[in-house]
Amino acid sequence: MTTTYTRAQIDQWVAPVALYPDNLLSQVLMASTYPGNVIQAVQWSQDNPSMQGDAAVQAVAGQPWDPSVKSLVAFPTLLALMGENPPWVENLGDAFLAQPHDVMDSVQRLRALASRPAA
């Protein structure tokens with residue numbers, strides 16, 4: 001049985017990351033499809049608080065994680081956000097795998113809302 005997610009559900013899961021630059025957003029979306037790897041990367045980042053940027057990415061090169069997850073160790077604050085709510089990461093990944101076009105539509109819709117002038 002395939003689950004179909006509603007627009008409201010997808011918007012809720014996409015909202016925390018919708019305004020990230022496209023290249024980072026694509027890594028977050030791909031990484032979210034590997035929630036177990038994300039948990040391991042979060043733990044690694046917590047265990048290595050002085051590591052960030054390219055040095056962190058090089059330090060995890062030997063890890064068996066998906067490349068998208070490895071790329072996120074460069075951003076410890078982002079990983080911390082992902083580590084705070086593993087079910088959110090899993091939901092985002094499931095939605096991205098099941099309905100990638102709807103996820104990207106949500107990104108564009110949320111970006112358009114954010115760019116509107118305040119009333």
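We did not get these values from a lab; they are worked out from the coordinates using the rules stated. Note that this is a predicted model, so its numbers are computed, not measured. Here the Cβ is made from the backbone with ideal geometry for all residues, glycine too, and neighbour counts use every protein chain on show.
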Item to complete: Beyond 15 Å, what share of the Cα-Cα pairs of region 61-119 is found? Please give it as a whole percent.
Response: 67
Discussion item. Quick check for me: using +1 on Lys/Arg Cβ and -1 on Asp/Glu Cβ, what's the dipole size of the chain about its Cα centre, in debye to the nearest 20?
Written reply: 280
Worksheet entry | Cα-derived Rg over Rh, computed across the chain with Rh taken as Kirkwood radius | 1.00
Fill in: Most to least packed among 28-35, 73-80 [average Cβ atoms within 10 Å]
28-35, 73-80
Worksheet item: How far, in nm, would the chain grow between Leu81 and Gln108 when pulled straight, counting 0.36 nm per residue and subtracting the alpha carbon separation?
Response: 7.6 nm
Fill in: Pair Gln43, Leu97: separation of 7 Å Cα→Cβ label points (nm)
2.0
Practice prompt. Enter the mean projected area of the convex hull around the alpha-carbon atoms of region 14-77, in nm², rounded to one decimal.
Written response: 4.1
Item to complete: For region 43-86, just the Cα atoms, rotate onto the principal axes and tell me the three extents in Å, largest first.
Response: 25, 22, 14
Item to complete: Report, in whole Å, the centroid distance computed from the Cα atoms of region 1-23 and region 87-119.
Response: 4
Worksheet, complete the sentence: Surrounding charge for Ser32, neighbours by C-beta under 12 angstrom, Lys/Arg +1, Asp/Glu -1, total -3
Worksheet item: Between Asn91, Thr4, Ala18, whose Cα lies farthest towards the positive end of the dipole of the chain when Lys and Arg beta carbons carry +1 and Asp and Glu beta carbons carry -1, centred on the Cα centre?
Response: Ala18
